[in-house]
Each structure stands twice: as C-alpha cells, then as structure tokens.
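Here the structure is laid out as structure tokens; the discussion comes afterwards.
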Amino acid sequence: MAQESSGDISTAGWDAINAAMAVLYPEQEPRHFGTLLSHTLGGNDPLDGISVYWSESPRPHWHYVSYGFSELYDKQSDDPQESGFGFELTFRLAAQAGDGKSGEPPAWPMNLMQNLARYVFNSGNVFEAGHHLDANGPIALDTDTRLRHLAFVADPQLPAINTANGRLNFLQLVGVTDDEMAAIRRWSTLGVLAVLEPAMPLWITELERDSLLRDPAIAAQLDVGSQREGSSTGMLFVETLDWSVEGAVTTLVLGAGQVPSVLELLPLRLHHDKALVLLGKDRQWRFEPGLSDDMQSDDDSARCVLSDASLQAMLDSVRAERGLYPLATGQLQIEVRPTLLRDGQGNPIREIG
C-alpha cells in the first residue's frame with residue numbers, strides 16, 4: 001500500500017520499497033500496520049509502518065518488511081549514497097496450522113522490529129548482514145520457544161535497491177537457539193546460516209522447532225568450519241555498557257544478560273590475536289590481546305589490553321550475577337548489573353541477574 005503524498009512531501013523512498021515487494025508478490029495487497037503517532041512527532045515507535053505478505057513457498061509463512069530505517073520521504077541525511085541507516089528489516093515467520101492468506105499475521109514480530117528500531121535510533125549503531133544479538137529471552141515474549149537470539153542475513157529474495165534517497169539493503173532477521181548462536185560465535189553468522197539453510201529454507205523462523213544441531217551431520221559441518229576459519233565475530237551489541245575510572249582502576253559495567261556472550265567470545269577472539277568490540281548506546285569498549293595489561297579511555301571509547309593471565313582470571317571469576325568482580329592485576333574490575341527484559345512497549349517485565 002503506497003503512502004499518500006501530503007503537499008510537497010516526496011514518498012519516493014516508501015514507493016521504492018513497495019516496488020521491490022511488488023516484484024516478489026505481484027498483485028498481492030499487503031496488510032500494512034502503520035504508526036499512530038510518528039516518531040518525529042514524539043511517538044514511541046520509530047518505524048512508520050510494517051507490511052506483511054503471505055507466501056506459500058517453500059512452506060506457508062508470513063513475510064514482514066519494515067518502513068523507517070531508510071529515508072521514506074524527502075532526503076534528510078548528508079550521505080547521498082545511502083538512504084537513512086541504509087537498510088530495512090524483514091522477517092519470515094512459519095505459519096501455524098489453519099493460517100492462510102486471509103488470516104491475521106502475529107503481531108509480536110512487529111513489536112520485535114520496533115524494539116530493534118529503538119536501539120538503532122537511540123544509539124546510531126546499524127545492523128549489517130553477518131551481525132547477531134542476544135534477545136535476553138525468547139524472541140517472542142511469553143512463549144517457550146528455544147529461539148533466544150537473532151542473526152542478520154541479506155534477505156534471499158530481496159536484493160539491495162537504489163532509491164531516490166540512496167541505496168538500501170533488506171536485512172532478514174533469523175531466530176536461532178542457544179547452541180546455534182554458540183556455533184555462530186565460534187565461526188561466523190553467514191557460515192552457520194549457510195549450513196542451516198537446507199534444513200531451514202529461506203531461513204524461515206519457526207518458533208516451535210528444536211535446535212538444528214541435533215542433526216550430527218549439521219553439527220559436524222559447523223565444527224569443520226570453525227576449526228578451518230576461527231571466529232569472525234568481532235563485535236557485540238550490548239544493552240548495558242559503561243565504565244568509570246578512579247585512580248589506576250577502571251570499572252567496566254556490563255549487564256548480566258550479556259555477560260555469558262562476552263565471556264564465551266573473548267577467548268575465541270583474543271587467543272587468535274583478534275580484538276573484540278562491545279558497542280553500547282553511546283560508548284564503545286575494545287578488548288585486545290597483549291603481553292601485559294593496559295587501559296586507555298576517553299568519554300566515548302576505551303581500549304583494554306588483556307594478558308593471557310588476566311583473560312583467564314576474568315573467565316574464572318566473572319559471573320552473570322549482580323556484583324563487583326576485581327581482577328588480580330588491579331587495573332580492571334567488572335561490575336555486573338541486572339538486565340531488564342522489556343515488552344513491546346518498552347516496559348520492564350523480568351530481571352536477569
């Protein structure tokens with residue numbers, strides 16, 4: 001459904017997304033869910049809308065696409081090459097028994113997209129194919145799904161497009177389990193998804209599925225890829241990231257929900273002479289390997305060099321529980337604070353740690 005023009009406001013960006021979807025779904029009128037109050041006018045939802053299409057192939061599923069990460073109307077940014085943040089999100093959700101083209105798509109993926117948009121709009125950090133993040137709980141709240149993480153991949157049926165406001169990519173969200181995410185951290189997002197795709201065509205998310213690593217052949221392929229290439233995950237998006245410096249001691253603040261991911265990935269990066277970057281809302285922390293510890297920081301970024309001994313001390317002592325965890329060298333201590341899980345409106349519903 002095309003957005004109506006108002007006065008001299010252009011809808012070229014919006015229309016370009018509609019045109020791309022029309023190629024994939026000719027003659028299908030999508031269900032479009034708009035935002036009552038625009039984010040630019042003080043509304044809580046950054047995205048202007050989300051459209052949902054019905055697809056029968058390769059299995060019945062709903063196909064969601066966002067409107068709002070890119071520039072939908074007049075050009076506002078200074079970058080002529082990219083439209084807004086340079087992408088829109090898509091998501092494919094397996095249909096339930098009895099679902100059909102005339103039914104109603106579930107609303108929770110739209111809440112998920114809006115939550116991700118709040119993070120991007122507030123932090124300025126953008127998603128790219130190959131990124132991944134921890135959902136800090138089920139990707140669909142109040143369900144018992146094993147899918148607790150999200151991976152980002154180029155939508156296999158929607159190539160990048162050039163609009164009047166610049167280029168944009170369609171990034172598809174893929175729900176993955178704990179052990180699938182562990183495999184991603186040990187190797188790479190795109191490598192793991194390529195192995196999973198034959199068992200998960202078009203990377204359609206199915207809330208009820210078990211881990212695909214229960215198939216020994218798939219697990220073996222992932223192990224081979226990790227041993228051959230090592231971990232390519234050099235950046236983690238974390239909700240809680242802060243630090244303070246008092247004398248010679250730096251206190252790094254992390255959320256309990258992110259601690260397991262950080263501790264799992266640190267040795268996979270630093271032991272292979274690779275850095276690990278943590279990205280928060282306003283700040284960036286960089287771990288690097290070295291022969292001796294070193295700390296450098298300013299208001300926005302920090303560089304922390306860890307020796308093998310300090311890395312091991314961190315792995316041995318830090319837990320995903322509220323508390324203060326000093327390292328033996330005395331230069332760094334980790335403060336772990338509880339992580340709040342929030343509903344689609346941003347309200348706290350549960351605490352981790």
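The values are calculated or read from the model by the stated rules, or taken from the named source; none is laboratory data. Quick caveat: nothing in here was measured; it's all calculated off a predicted structure. A quick note on method: Cβ atoms are made from the backbone with ideal geometry, for glycine too, and the neighbour counts reach across all protein chains shown. Please note that ligands, DNA and RNA were not included when accessible areas were found on the heavy atoms of the full protein model with its side chains. Shrake-Rupley method; radii C 1.70, N 1.55, O 1.52, S 1.80 Å.
Using the heavy atoms of the protein chains alone and a 1.4 angstrom probe, what is the accessible area of the chain per residue in square angstrom?
Ligands and nucleic acids excluded, the figure is 46 Å² per residue.
Note the full-extension length gain between ALA220 and VAL245 as 0.36 nm times their separation in residues minus their Cα-Cα distance, in nm to one decimal.
Gain on stretching ALA220 to VAL245: 4.5 nm.
Angle between the Cα long axis of helix 108-123 and the longest principal axis of the chain, 0 to 90 degrees, nearest 10?
60
Placing unit charges on C-beta atoms (Lys and Arg positive, Asp and Glu negative, everything else neutral), compute the dipole magnitude of the chain about its Cα centre in debye, rounded to 20. Kindly include the intermediate steps, with their values, before the conclusion.
Details: 25 positive and 49 negative charges, 110 e Å.
Around 520 debye, computed over the chain.
Set the Förster radius R0 to 25 Å, insert the Cβ-Cβ distance between GLU128 and ASN44 as r into 1/(1 + (r/R0)^6), and round the FRET efficiency to 0.05.
Here the calculated transfer efficiency is 0.45.
In the set (1) 34.8; (2) 19.1; (3) 20.2, which value of mean projected area of the Cα convex hull in nm² was calculated from the structure you see?
It is the value labelled (2).
Give me the percent relative contact order of the chain, please, defined on Cα pairs under 8 angstrom at least 6 residues apart.
That works out to 12 percent.
About the Cα centre, and with charges only on the beta carbon of Lys, Arg (+1) and Asp, Glu (-1), how big is the dipole of the range 241-289? Nearest 20 debye, please.
140
Where the accessible area of the range 34-192 is counted over protein heavy atoms with a 1.4 Å probe, how much of it, in %, is carbon and sulfur? Don't jump to the answer; show the numbers that get you there.
Numbers: 3030 of 6260 Å².
Looking at the range 34-192 in its full context, I get 48 percent from C and S.
Could you work out what % of the accessible surface of the range 218-281 is carbon and sulfur, using a 1.4 angstrom probe and leaving DNA, RNA and ligands out of the count?
Values: 1360 of 2670 Å².
Looking at the range 218-281 in its full context, I get 51 percent from C and S.
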